[in-house]
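For reference, the structure is listed below as structure tokens.
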Amino acid sequence: MNKKEKLGNFTAEDAPEYEDMLQCMRCGFCLPTCPTFALTGRERSSPRGRVALARAVAENKLEFTQAVKEEAYFCLDCRACTTACPSGVRAGEVMEICRSQSHQQSPLGHIGRSFREFILQRMLPNPDLLEKSMLPARLYQRLGIQWLVRHSKALKLGPAWIDKAEGMMPKLDAPLRPQLPEVTPALGEKRGKVGFFLGCIMTLMYPEVSRQTVRVLAHQGFDVITPKETKCCGAPHLNEGDRQTARELALFNLDLFLKADVDYIVTDCAGCGASLKEYEELLAEEEDHQRLELFRSKVRDVQELLCDVGLRTEGLKPVKTSVTYHEPCHLCHAQGVSNQPRELLKAIPGVEFREMNEASWCCGSAATWGLKFSDESQQVLDRKLSNVAATDAEHLVTANPGCHLQLAWGLKQAGMKQDVLHLMELLGRATPEV
């Protein structure tokens, strides 16, 4: 459907695909996979219920009501329903588009709209501004203000999401983007050239993860090109219903990485990877199909790439520990990358891998969902932590910064012994220094 074509009671701009809604057979296979349906038992909060709401809007049987808007945002967009669906219905993506519709049909007030536009249209697309915005937070930690705030319990007096957001903040170091060289040469026999897509959250909150990603890729025989001009992948914009800014960012990144002439475009962030792999659909009406197809053919999660080309294990140091693995939704469900991380974990010398029950069940983060619905998020998280505890592993491994933040906070709150590692951190420990 052309994005300008009106569909029922949806506005002309960015209406969902009608065919995506027609595909739903209401078989119910999605119900056991949906965290919000498990929490509420409410049909409208199930994938098939949400698709039915959207179809009713498309067929002029229902206005774009408050209930439709609420369900668009109450959906975690974890994509577990798509994995379970025999017809491949993409309920999460339908709800993602409905978020864009909600801003068109029920715009925020002036203050709310201005704040949203500043974050999505000015800050996130500007790497320099984004990095400067984190300076107050680093000073907050360095000057001891955080210690005072946490020990005073002052944040308990405000909304729960503020206390949680502050508690989730990891130790912040200087952003990685300015520190990484444009080119990191391959070591040993060269196997190719990769363009490293450094994500916003990774450079700001987990710089050591991406530092290890680059080091491991070089050790595995890849020249690593890290374009400093890279902009946000657009995932936060899609999540918050700003599809136009997401397209502008996608067009910029598409040009940047195709000009780099690399064999692969690699990321260590599951959310970024899912977004990059969906540029082909997002830009279908703006960009040449062959260029989109070429870009999509090159995108890989770093774990996907290393497993597919074969991990060089000679020379790796033993890491004697036990781990379990939480599958990020946007890695296993959105990208179909599930077995590869497990294979890598088993290939690291000394690592004992312990499979977790419901490893692919959402952790309750889902971008801003965990803050908007803090009580429901805690219930989803508790289910995950119970499964982590049952493994008695020393470390919990994952591969997405949103999951990392949520799980690390949850483990700390629950007084559990595990810490959270990105798989590339663990592989980095096994990779010898040169």
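All of the numbers you see were taken from the coordinates with simple rules; none came from a lab. Please read these numbers as outputs of a predicted model, since none were measured by experiment. All Cβ positions, even for glycine, are placed from backbone atoms using ideal geometry, and neighbour counts span all protein chains on display.
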Which order do the peptides 257-265, 200-208, 107-115 take when ranked by the mean count of other beta-carbon atoms within 10 Å per residue, highest first?
200-208, 257-265, 107-115
For the peptides 292-305, 398-411, 171-184, 70-83, what is the packing order when you average, over each peptide's residues, the other Cβ atoms within 10 Å and list the highest mean first?
398-411, 70-83, 292-305, 171-184
Kindly rank 58-67, 161-170 from highest to lowest mean number of other beta carbons found within 10 Å of each residue.
161-170, 58-67
If a/c stays under 1.5 just call it rounded; otherwise compare a/b with b/c (prolate if a/b is bigger, oblate if not). Do that for the stretch 130-172, with a ≥ b ≥ c from the square roots of the Cα gyration tensor eigenvalues.
oblate
How big is the dipole moment of the stretch 60-211 about its Cα centre under a simple scheme where the beta carbon of each Lys and Arg is +1, that of each Asp and Glu is -1, and everything else is neutral? Debye, nearest 20, please.
320 debye
Sequence order, the stretch 54-69: Karplus ³J(HN,Hα) from phi using 6.51 cos²θ - 1.76 cosθ + 1.60, θ = phi - 60°, Hz rounded, Gly and Pro as x, gives 5, 5, 4, 5, 5, 9, 6, 8, 8, 6, 6, 7, 4, 4, 5, 4
Gyration tensor on Cα atoms of the stretch 287-328, a ≥ b ≥ c root eigenvalues, a/c under 1.5 rounded, else prolate if a/b beats b/c, else oblate, says oblate
So, with +1 on the Cβ of K and R and -1 on the Cβ of D and E, and no other charges, what is the size of the charge dipole of the chain about its Cα centre, to the nearest 20 debye?
1100 debye
Taking the 0 to 90 degree range and rounding to the nearest ten, how far is the long axis of helix 401-413 tilted relative to the main principal axis of the chain, both from C-alpha atoms?
80 degrees
Select from 47, 144, 181 the residue farthest towards the positive end of the dipole of the chain; place +1 on Cβ of Lys and Arg, -1 on Cβ of Asp and Glu, and compute about the Cα centre.
144
Output the 0 to 90 degree angle, nearest 10, between the alpha-carbon long axis of helix 374-391 and the longest principal axis computed from the alpha carbons of the chain.
40 degrees
Quick query: amide H of residue 394 versus all other amide H atoms, modeled in the peptide plane; which residues come in under 5 Å with a sequence gap of 5 or more or a different chain?
322, 323
Taking the Cβ-Cβ separation of residue 128 and residue 284 as r and a Förster radius of 25 Å, what is the calculated FRET efficiency to the nearest 0.05?
0.20
Once a ≥ b ≥ c are taken as the square roots of the eigenvalues of the Cα gyration tensor of the stretch 76-229, is the result rounded (a/c under 1.5), prolate (a/b larger than b/c) or oblate (a/b not larger than b/c)?
oblate
Give the separation of the Cα centroids, the stretch 1-60 to the stretch 227-286, in Å.
25 Å
For the stretch 313-430, build the convex hull from the C-alpha positions and give me its volume per residue in Å³.
89 Å³
Using Cα pairs under 8 angstrom and six or more residues apart, how large is the relative contact order of the chain, in percent?
14 percent
Rounded to whole Hz, the Karplus (6.51, -1.76, 1.60) HN-Hα couplings of the stretch 73-89, x for glycine and proline:
8, 7, 5, 6, 6, 7, 6, 4, 5, 5, 4, 7, 6, x, 9, x, 5
With N set to the number of residues, divide the alpha-carbon radius of gyration of the chain by 2.2 N^0.38 Å and report two decimals.
0.97
Please identify the cysteines of the chain that lack any partner cysteine with a Cβ under 4.7 Å from their own Cβ.
24, 27, 34, 75, 85, 98, 200, 232, 307, 332, 363, 403
Hits among lysines - C-alpha to C-alpha of residue 61 under 24 Å, sequence gap 8 or more where chains match:
3, 4, 6, 69
Of the listed pairs 132/190; 171/320; 193/412; 259/317; 153/417, which have alpha-carbon separations greater than 32 Å here?
132/190; 193/412; 259/317
Under-5 Å amide H pairs with residue 192, H placed in peptide plane, nonlocal only
223
Using amide H atoms built 1.01 Å from N in the peptide plane, name the residues 5+ places from residue 422, or on other chains, whose amide H lies under 5 Å from its own.
398
Residue-by-residue Karplus 3J(HN,Hα) for the stretch 29-43, coefficients 6.51, -1.76, 1.60, Hz, glycine and proline x
4, 6, 4, x, 8, 9, x, 6, 5, 4, 6, 9, x, 9, 4
